[in-house]
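Remarks on the structure that follows.
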Amino acid sequence: MRKFIILLILMGLVLIGVNSFRQKYSGPRFKVYFAAKNAIKTKLLRPKDAVFPLFNEADTKIYYMVNDKKYMVKSYVDAKTLGGCLERYDYTVYVKLNGKYTTSYIEQLK
């Protein structure tokens, strides 16, 4: 009986964890983050070597601009130059979600 109760508690914790993970990584902010990453990758010399911060890191800021109905993503990417050196570039990308499609443009990549 005790094992059964422990099993039920563990199953409940797993279901809670899966639900919170799904809420955190399936909303519009997550889509915006990946749209911004893809926009930046198109501008890099070696996009496969690029290292972006995680979605939930403090260095990644996502703002919703109510008047323009678009998101602004400010973050950084560590990318290799032609010489193979790793450099950090700060960027600002604006992303607009239009149903299935996203449009984005890069304001800053330094």
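Nothing in this text is a laboratory measurement; each read-out follows from the coordinates by a stated rule. Bear in mind that the values here come from a model prediction, so they are computed numbers and not experimental data. When we count neighbours, we look across all protein chains shown, and the Cβ atoms used for this are built from the backbone with ideal geometry, even at glycine.
Of note:
- Top-ranked residue of the range 64-97 - restricted to ones that are among the β-branched types (Val, Ile, Thr) and either part of a strand (DSSP E or B) or in contact with an Asp or Glu (Cβ under 9 Å, 6 or more places away or on another chain) (or both), ranked as farthest from residue 33 (Cα to Cα): 81
- The residues of the range 39-67 that are within 12 Å of residue 91 (Cβ to Cβ) and in contact with a helix residue (DSSP H, G or I) (Cβ under 9 Å, 6 or more places away or on another chain), listed by number, are 40, 41, 50, 52, 60.
- Of all residues making up the range 27-80, the number that are surrounded by fewer than 13 Cβ atoms within 10 Å (Cβ to Cβ) and of a type in the set (S, T, N, Q): 3
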